[in-house]
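Take a look at the structure set out below.
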Amino acid sequence: MLTGDLLIGAAAVRGTHGEISAIDPRTGEKLEPSYGLAGVADVARAAELAEQAFDAYRETPLETRSALLTTIADGLDTIGEELIARVGAETGIPAARAGGELARTTNQLRLFAAVVRDGGFLGVHIDPALPDRTPLPRPDLRRRYVPVGPVAVFSASNFPLAFSVAGGDTASALAAGAPVIVKAHSAHPGTSELVGRVIQAAVAEHGLPEGVFSMLFGNGREVGIALVTDPRIKAVGFTGSRSGGLALVAAAQARPEPIPVYAEMSSINPVLVLPAALLSRGAEIGRGLVGSMTVGQGQLCTSPGLVLTVDGPGVGALSDAAAAALRDVPAAPMLSPGIQRAFTEGVGRLQDATGVVTIAVGREDASIAAPGQAFLFRTTKAELDADPALTEEVFGASSVIVTAPTADALAEIVEGLEGQLTLTVHADEDDQELARALLPLLERKAGRIVVNGWPTGVEVGHAIVHGGPYPATSDARTTSVGTAAIERFLRPVAYQNLPSWLLPAGLDDANTLGLPRRIDGR
Ligand code: NAP
């Protein structure tokens, strides 16, 4: 049963700094229970417990840490039905999609469990001593990664499971050996509590210190900033708006001890349709666009909000097919009334912009409290040059098709774009030369390059990158999806001339943990 409590270590306590309730975006109905909000004393208590837990948790046997992640995944599966129903009530996400997201979340936790068991993430290097080396002997040097310290995680609104309380940020931080304090998203508190209680129980089941996990509800500007500026927090994971992410980056940088903030913010995921592909399959690409831009009502970080083509005979086929498909797209609830308002403003700006034509609008549905309709626009490079705001993210099912007079002009548009999570290229055999010429530019602009596909649907694995240059993220060197996400919460330590009795686990000559290691670089 949901209680509306904060989870601070092993305790469940009512926050006393105001309260919030979730709203069902399908009906506008207020959902029980209400959630008491945290104050700065609650943040301090969670941070104190996290700090106390840190040294013990980071040295727990890898098997135990791996088992914790598996237990959390199993626990989520056990309450799957209840969870999917609550996700639906709080976000309007249909059961089939919520079920898919749950599977992605538990797979992600199990993947990190395997990463922890493998131990390769510890990055162990041993450079044995060379006492006879001249002119100077070489000391014995051993290196491994240790976690940075307690991590603050800000849940996203658009993936209430996979990018939320037990999402990729939490899974990668716990895998790294870092205690986690989640600032839960105010739009899905019940989902957050269900998941938070599973993690809390798993921490207790494995006999780990209670401060390994806490979860707070509260206003971002107070509780969120208090968390990021608490000296015991050593890194931050965030997915959400550019303004929210930048506020956290600024707060983290202004600390006496600045810390890294891994914020995933805004991206419009441009799709380039090269001339031969446009001519041979413009209509098919147009239909594919609508399929991709309306997944999750366009509320995905990888939703394609911009299509770039060279003006020519195929453009009509592409936009006609896309417009026809889009007109059939039913309205669906958006994640929250606030996000729906922001979307309405965003498409309103595009509708009012000079030289932008609305070529299709999806179906309406007056019975939905926070309805999201799909919108498709068309304009030219000249208009884009005159008004760069046309490439700003409109979070929801909206996309703009832009025609450029030449391939060089197309490259110029890409050159002028901000950093992106993804860039997609549709290219046929005859586009090879142009695609090859564009590739270095695409690499400079995005974290993932997709060919003849669509950017939505992010595979969780070892080779994935869900990141990219600013403002896609605040730090382009990492990813927030996939196993490499663990690197964000680790730092290297070198141990020089430590006697065997002092060496940390995993660095001994006999390799008793059986870790993959490099000796003298090999
Ligand atoms: P958001 O407004 O950035 O909120 C995310 C989290 O950050 C919430 O916990 C929020 O706290 C906190 N926060 C926001 N502004 C803050 C500030 N100035 N200082 C401290 N904490 C702050 O994002 P959202 O609610 O998920 O969605 C709103 C917009 O974000 C969307 O319309 C869309 O543009 C964008 N978005 C982008 C992506 C992406 O992946 N690119 C994903 C989701 C959303 P509160 O609980 O107090 O609000």
Problem - Sites Asp387 and Asp132 - FRET efficiency at Förster radius 51 Å, r taken between beta-carbons, to 0.05 - result: 0.15
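For the stretch 271-451, what is the convex hull volume of the alpha-carbon atoms per residue, in Å³?
On the way: hull volume 17.8 nm³, N = 181.
About 99 Å³ per residue, rounded to a whole number.
In the stretch 383-428, carbon and sulfur make up what percent of the accessible area (probe 1.4 Å)?
Numbers: 760 of 1580 Å².
On the stretch 383-428, the fraction of accessible area on carbon and sulfur atoms equals 48 percent.
What dipole magnitude, in Debye to the nearest 20, does the chain give about its Cα centre under +1 on Lys/Arg Cβ and -1 on Asp/Glu Cβ? Don't skip to the answer; put the middle values down first.
Details: 41 positive and 58 negative charges, 180 e Å.
Roughly 860 debye for the chain.
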Completion exercise
Taking r as the C-beta separation of Thr16 and Ala476 and R0 as 35 Å, the FRET efficiency to the nearest 0.05 is 0.30
Exercise for the section: Hey, for a label at Arg491 modelled as a point 7 Å past Cα toward Cβ, could you say which residues of the stretch 213-238 have their backbone N under 14 Å away? Expected result: 231-236
Handout entry: Estimated 222 nm signal from helices in the chain, with DSSP H stretches of n ≥ 4 weighted -39500 (n - 2.57), rounded to 500
Key = -12000 deg cm²/dmol
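Counting Lys +1, Arg +1, Asp -1, Glu -1, what net charge surrounds Leu7 among other residues with beta carbon under 11 Å of its beta carbon?
Working: positive: Arg197; negative: Asp5, Asp42, Glu193, Glu210.
Taking every other residue near Leu7 into account, the sum is -3.
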Handout entry: the stretch 303-356-the stretch 97-117 distance, computed between alpha-carbon centres (Å)
Key = 32
Practice task
Pairs of Cα atoms under 8 Å, at least six residues apart: use those to get the relative contact order of the chain, whole percent.
Solution key: 18
Fill in the blank from the handout: Here the gain from full extension of Thr27 to Ala44, 0.36 nm per residue of separation minus their alpha-carbon distance, amounts to 2.4 nm
Handout entry: With every protein chain in place, the stretch 21-169: carbon and sulfur % of accessible area (1.4 Å)
Key = 56
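Among 19-32, 63-76, what's the highest-first ranking by average C-beta atoms within 10 angstrom per residue? Intermediate results must be reported in sequence, preceding the final value.
Values: 19-32: 16.4, 63-76: 20.6.
With the highest mean Cβ count within 10 Å placed first, the list reads 63-76, 19-32.
With a ≥ b ≥ c the root eigenvalues of the C-alpha gyration tensor of the chain, is it rounded (a/c under 1.5), prolate (a/b larger than b/c) or oblate? Intermediate results must be reported in sequence, preceding the final value.
Details: a/c = 2.21, a/b = 1.35, b/c = 1.63.
Oblate.
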Completion exercise
Note: Ala437 to Asp509 extended length (0.36 nm per residue) minus current alpha-carbon separation gives 20.9 nm
Completion exercise
With every protein chain in place, the accessible area of Met215 for a 1.4 Å probe, in Å² rounded to the nearest 10, comes to 0
Fill in the blank from the handout: In whole angstrom, the spacing between the Cα centers of the stretch 225-278 and the stretch 66-82 equals 28
Problem - Å² per residue, accessible surface of the chain at 1.4 Å - result: 40
Handout entry: Label point at Asp365 placed 7 Å out along Cα→Cβ; residues across the stretch 276-305 whose backbone nitrogen lies under 11 Å
Key = 297
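The values are calculated or read from the model by the stated rules, or taken from the named source; none is laboratory data. These figures come from a predicted structure and were not determined experimentally. Glycine also receives a Cβ, built like all others from the backbone with ideal geometry; neighbour counts cover every protein chain displayed. Heavy atoms of the whole protein, side chains included, go into the accessibility calculation; ligands, DNA and RNA do not. Shrake-Rupley method; radii C 1.70, N 1.55, O 1.52, S 1.80 Å.
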